[in-house]
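Chemist: What follows is a single structure, and I will ask about it in a moment.
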Amino acid sequence: MITPIALFTYSRLDHTRRTIEALLRNRGVADHDLIIFSDAPSTPDKAAAVAAVRGYLNTVTGFRSISIRARDHNFGLAKSIISGVTEVLEHYDRVVVLEDDMVTSPFFLAFMNDALDRFSDDDRVISVHGYVYPVSQVLPEVFFLRGADCWGWATWRRGWRLFNPDGRSLLQELKRRRLTRLFDFNGAYGYTSLLEAQNRGRVDSWAIRWHASAFLAGKLTLYPGRSLVRNIGHDGSGTHCGADSAWNVRLADERVHLDSVAIEESPIAHRAFEQHFRRARGLMRRIYRELVGFYYRQMFSPTVPGLFINPFFLARRGLVRAISDLSTNLSGRLVDIGCGTRPYQGLFNVDSYRGLDLDTIAARERGVADDFYDGTNFPYESLSFDSVLCNQVLEHVFNPEQFLSEIHRVLKPGGKMLLTVPFVWDEHEQPNDYARYSSFGLAALLERNGFKVLIHKKLGADASTLFQLANAYFYKLSRRWPTPVRFFFTVSAMALLNIFGIVAGRLLPRNEDLYLDHIVLAEKS
């Protein structure tokens, strides 16, 4: 039986591209009809972004069929999904539903199709879900929970018939039957408050009404024990998703099997979800996340507070300023090679931004990179990208000739590469720190591998370098000290070195032969 995929898009080109490219890595995707609902801009300033998304959608291939419903006026997410799913199920008996920020595992469609087939005639089951929270407990291979969910899901026509869009009647029934505490996972998550906010017009959520409809009907949703979906909308770009790491997951890298499973709510999974909600929503957790986010930003893009908490303030400040100054030279499709946590993605205004990282356990668990490579070959066709960012990676490459040859291969003719690499710096990420490059050696290496150097700048070519190296020395030394002593030393002595470094860098003459980092803009020749 053909299972259509309903995809709901708006104005986020990079998210949409990543969602579709992940879907295309699913086996059997060519047997699915893709029905795309593209919402119209809500304001004039969104028109260009919506047009860019629609332009990309017209180039998509790889499905059994593709149809695009380009709205001529703005529906908003809730109305778009409710009307879209209803429309699809007028013509099909089942549907898989995705939004434009759902990156799926290569095993997502197999799980959805297996479950849709197996439980198609079981009225106790209303839907199938692909995402599972990053709980600390080990979950069953598959399990059921009461209600429904919204991050990569599927249902049948019979299930969607139970959807009640009337939030007020849903809330009244929950209260009449005294189910609000159970609905809220024993008070761990404010689903009832969200439904109340829906009724007051503060939010417009189809998902809370879908969940409440299924919950009140006593229906079950099937979940995988390992997540098959990752929501990339938690970068702050989503309609109802702020920047938050509490929901980040590692995608399942093998098939989830539908072993014998009791068609009843799993107490193990319910307890695990409840505990996760309590941890994620607690005051201290929120404070901790805010502090971690602030610290992270100060580590890579330091402002004044970074003077007092970032031992590498002088180096990082120079890097982010130089990258920002040259970022406008990169355009089109960009790949960030050795992307790490993608700290500088926000500096680039490009059509799409892909992160590539070395295939390690740590990189996969971080869940940030879109693609992985084996240290030798990039997983891309030749001439795939217009731009490359390679930030502080080349020193960790044992065979730079082969590495640059791969960059040259995937770049289009005339494509640009923005490269940074240290000159004077301590050994780091040992034992995978292999080289330092002089300006002459770096230029020769790039030209030998088919690149023309357009701009080459030396960062920190002044007295601030001496103070940065002093801080790097004390940072390594202080790692052996107790945390309170180390913290006090960082915000006092290291902060003073940062301040003295700024002053010295401005007052004393530059020295172009002693500097911290290179930044190079090069063109494929």
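Chemist: Loop only per DSSP, at most 11 neighbouring Cβ atoms within 10 Å: give me the trypsin sites (Lys or Arg not before Pro) in the range 1-51, ordered by residue number.
Modeler: R27
Chemist: Something else now. Based solely on C-alpha atoms, express the radius of gyration and the Dmax of the range 150-202 in angstrom.
Modeler: Using the Cα atoms of the range 150-202, the pair Rg, Dmax is 12.5, 32 Å.
Chemist: Between R354 and residues 5 or more places away or on another chain, which pairs have amide H atoms under 5 Å apart, with H built 1.01 Å from N, and which residues are they?
Modeler: Correct list: L334, V335, D336.
Chemist: Per 10 Å bin, what is the whole-percent P(r) computed from every C-alpha pair distance within the chain?
Modeler: 3, 16, 25, 23, 17, 11, 4, 0
Chemist: Name the shape class, rounded, prolate or oblate, that the alpha-carbon gyration tensor gives for the range 350-472, where a ≥ b ≥ c are the square roots of its eigenvalues, rounded holds for a/c under 1.5, and otherwise prolate holds if a/b is larger than b/c and oblate otherwise. List each step's numbers first, then the result.
Modeler: Numbers: a/c = 1.82, a/b = 1.27, b/c = 1.43.
Since a/c reaches 1.5 but b/c is at least a/b, the shape of the range 350-472 is classed as oblate.
Chemist: While we're on this one: For R316, what charge total do you get from the other residues with a beta carbon under 12 Å from its beta carbon, if Lys and Arg give +1 and Asp and Glu give -1? Intermediate values should be presented prior to the final figure.
Modeler: On the way: positive: R297, R317, R321; negative: D517.
The answer is +2.
Chemist: Where does helix 464-478 land angle-wise versus the long Cα axis of the chain, in degrees 0 to 90, nearest 10?
Modeler: With rounding to tens, the tilt is 60 degrees.
Chemist: What does the C-alpha gyration tensor say about the overall shape of the range 283-383? Classify as rounded when a/c is under 1.5, otherwise prolate if a/b is larger than b/c, or oblate.
Modeler: oblate
Chemist: Let me ask you something else. Nearest 500 deg cm²/dmol is fine: what mean residue ellipticity at 222 nm does the chain get from its DSSP H runs of n ≥ 4 alone, each adding -39,500 (n - 2.57), divided by its residue count?
Modeler: -11000 deg cm²/dmol
Chemist: Could you tell me how many degrees, from 0 to 90 and to the nearest 10, lie between the Cα long axis of helix 439-448 and the main elongation axis, the longest principal axis, of the Cα atoms of the chain?
Modeler: With both axes taken from Cα atoms, the answer is about 60 degrees.
Chemist: Moving to a separate point now. Just to confirm my numbers, what's the Cα centroid distance between the range 82-100 and the range 319-357 in Å?
Modeler: Cα centroid to Cα centroid, the span is 36 Å.
Chemist: Could you sort the peptides 507-517, 131-141 by per-residue average Cβ neighbour count (10 Å cutoff), highest mean leading?
Modeler: Order by mean packing, descending: 131-141, 507-517.
Chemist: On a full-extension model of 0.36 nm per residue, what is the gain between N74 and E429, subtracting their alpha-carbon distance, rounded to one decimal in nm?
Modeler: That pair, N74 and E429, stretches by 122.9 nm at full extension.
Chemist: How many angstrom lie between the Cα centre of the range 9-25 and the Cα centre of the range 247-268?
Modeler: 25
Chemist: Still on this structure, please answer the following. Please label the shape of the range 86-178 as rounded, prolate or oblate, based on the square roots a ≥ b ≥ c of the eigenvalues of the alpha-carbon gyration tensor (a/c under 1.5 means rounded; beyond that, a/b larger than b/c means prolate, else oblate).
Modeler: Note, shape of the range 86-178 comes out oblate.
Chemist: Of the listed pairs K412/K476; K452/K476; K46/K412; K416/K476, which have alpha-carbon separations greater than 32 Å here?
Modeler: Distance filter (> 32 Å) returns K412/K476; K452/K476; K416/K476.
Chemist: Using the per-residue mean of other Cβ atoms lying within 10 Å as a proxy for protection, in what order, highest first, do the peptides 488-496, 175-183 fall? Before the final figure, lay out the partial values.
Modeler: Working: 488-496: 16.0, 175-183: 13.4.
Packing order, densest peptide first, comes out as 488-496, 175-183.
Every number in this text was worked out from the coordinates using simple rules, so none of it is lab data. Bear in mind the structure is a predicted one, so any value in this text is a computation, not a measurement. Neighbour counts are summed over all protein chains in view; Cβ atoms, including those assigned to glycine, are modelled from backbone coordinates with ideal geometry.
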